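Working notes, structure below.
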Amino acid sequence: MSGWNAAVGAVANPAGRPGGRLAMVASADVDSLDPARTYYVWSWLLQRTMHRTLMAFGTDPVTPTVVPDLASGPGEVSDSGLTWTYRIRDGIRFETGEAIRARDIAYAVERIFAQDTLPGGPTYLVDLLDHGGYRGPYRGQRCKAVECPDDHTLRFRLKRPFADFDFLMAQPNTAPVPVHHDTREDYGKAPVCSGPYRIHRYRVGHFLHLVRNPMWDRATDPIRPALPDDMTVTFGVDVNDLDTRLIAGEFHIDVEGRGIQHAARDAILADPALRAQADNPATGFLQYITVQTCVPPFDNVHARRAVFYASDKAALLEARGGDGVGGSLATSLIPPTLPSHTGHDRYPSGADRTGDLAAARAELVAAGLPDGFETVIATQPGKFELVARTLATSLARVGIRARVKVLDTASYYRSGLGHPDTVRALGLGLGVTDWGADYPTEYGFLAPLIDGRQIKYGGGNFNFAELDDPLVRRLVDEAQAPTDPADRHRLWQRIEETIMERAVMLPMAHDRTLHYRHPDVTGVYVHPAFGLYDIQAMGLAR
């Protein structure tokens, strides 16, 4: 089956066969090939071909569930929810031929704590495990919260019950790392693979070539079909050139999944043959503008609210891709794909959604800045840049003079907008960004963005506003405790309302992305947890 949206909630061209080369393209390099340091969603999907994790997201095109991968079953919960135990499958090997033991997974988890050396990836476990101030394995210590009674048993001890723990075990940072191959900050150049593919050649910023891992055993892997003989990713292609070459058939998919740009979008939608190879899923991502409280005058809530009221939301949505194909107007943070979504509008912008300039000017007066102020908008090439320039135009209507600063895509979150030192040094008061849940719950969506305990000062920070609010922290903890879903949803709605009062995240669009797939690609579906094509499921028709 093929056709428009055939890979949304279903598998397009399901009859794949082994063989061939899957050729992919991206406008920039991955953030990291080190499983401990990656946070880009497309990097996570790419790493599913290279690394196995304790748990993993399954391949159901409708329901985003996690299933055992290196583990033989889900976590066994005991001690009133404070202990999670996993049994490790037998017969699994690294590409080197060495057997994968529970200790290799434990060591991978311990590496997460070495944030001074390995920043960038998710750090839920740093806050959640009962580790007593552990700082990583490079200080000659073991983490007391991670135990390996034997080669096939892995046990975690938590500070507090956390029902979503299996979801955390599906993140890349549970991919095993053999301690004697760990090159610390250089590990991402040549990580040791446990999945069906290994790195044959990697030229940073240019090219990645994956070939079959002869040590991978299909019989032990319940997820990956591993159909292509090899896979390539060409990095650093201009976004418009990328679309042209993708449609011309030079590549099979855009692995980055940023979405077709405006010019190629119109061509695809107008051509029935091209449209039949396109998908336009609601991704669960939020497109938004972050407002940094550490950059004056945004340490003043009224200056922040002036931005919210002055923004032309209709123009921002059009810059992102337009209503429908580009998404739907967002007035709240939690996406419609999660049950706590409300759509409440704290900062109404008029019937035409072009802004409330009178309210914006009143906020400027309240901030002591009646004549406006200057600031900088951080962005990256492509649609993000168009959004930034549109935002600058709308803010200028009330005297907010915003200069657009275009940063490198590959390092945008590692050392640009995601590094507090860079934000301060460049005066990045505003930033164009997006976010999808680390896993599909309200905690997985909002916590990294608004919980002060997840601020990362060494880079890879996603709480861009550096919001460290005691009320927010308390509500986040409370929202994890109730067993009644309705109670949890009410708490997350209160958290969202509190964040909107603080005016640190300006919602712009609940995202839809236009993807294009080559007619020869089989087994294509948009993964419901990630909103992008699941690379590891793909094959080729010829």
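Observations, loosely collected:
- Selection within the range 14-32 - part of a loop (DSSP other than H, G, I, E, B), under 23 Å from THR59 (Cβ atoms) and open to solvent by less than 20 Å² (accessible area, probe 1.4 Å): GLY19, ALA26, VAL30
- All of (1) in contact (Cβ under 8 Å) with a residue 40 or more places away in the chain; (2) open to solvent by 20 Å² or more (accessible area, probe 1.4 Å) hold for VAL255 with one exception: (2).
- Qualifying strands (runs of 3 or more DSSP E) (wholly inside the range 43-156; at least 1 residues being open to solvent by 10 Å² or more (accessible area, probe 1.4 Å)): 66-68, 76-78, 83-87, 146-150
- Single unsatisfied condition, THR354 versus (1) within 34 Å of the chain's Cα centre (by Cα); (2) without any contact (Cβ under 8 Å) to a residue 60 or more places away in the chain; (3) assigned to a helix (DSSP H, G or I): (3)
- Hey, ALA319 in contact with a Leu (Cβ under 7 Å, 6 or more places away or on another chain), in a helix (DSSP H, G or I), in contact (Cβ under 8 Å) with a residue 60 or more places away in the chain and small (Gly, Ala, Ser) or not: yes
- Unique match (being in contact with a strand residue (DSSP E or B) (Cβ under 9 Å, 6 or more places away or on another chain), open to solvent by less than 40 Å² (accessible area, probe 1.4 Å) and within 30 Å of ARG93 (Cα to Cα)) among VAL237, VAL233: VAL233
- Matching residues, the range 448-470, being at pLDDT 95 or above and among the aliphatic types (A, V, I, L, M): LEU449, ILE450, ALA465, LEU467
- Within the range 471-483, if we keep just the residues that are open to solvent by less than 70 Å² (accessible area, probe 1.4 Å) and not in a helix (DSSP H, G or I), the residue that is modelled with the highest pLDDT turns out to be GLN480.
- Options THR293, THR337; residue that is open to solvent by 10 Å² or more (accessible area, probe 1.4 Å), within 18 Å of VAL432 (Cβ to Cβ) and not in a strand (DSSP E or B): THR293
- When residues of the range 163-191 are limited to those that are part of a loop (DSSP other than H, G, I, E, B) and open to solvent by 10 Å² or more (accessible area, probe 1.4 Å), the one nearest to PRO222 (Cα to Cα): ALA170
- When the helices (runs of 4 or more DSSP H) confined to the range 368-470 are screened for residues that are under 24 Å from the mean Cα position of the chain (by Cα) and under 26 Å from GLY257 (Cα atoms), those reaching at least 3 such residues are found at 383-396, 442-450.
- Within the range 308-334, the set of residues being charged (D, E, K, R) and either more than 30 Å from PRO528 (Cα to Cα) or surrounded by fewer than 16 Cβ atoms within 10 Å (Cβ to Cβ) (or both) comprises ASP312, ASP323.
The values are calculated or read from the model by the stated rules, or taken from the named source; none is laboratory data. From a predicted model like this one, the values you see are computed outputs, not experimental measurements. Cβ atoms come from the backbone with ideal geometry, glycine included; neighbour counts cover every protein chain shown. Surface areas here come from the heavy atoms of the whole protein model, side chains and all, with no ligands, DNA or RNA. Shrake-Rupley method; radii C 1.70, N 1.55, O 1.52, S 1.80 Å.
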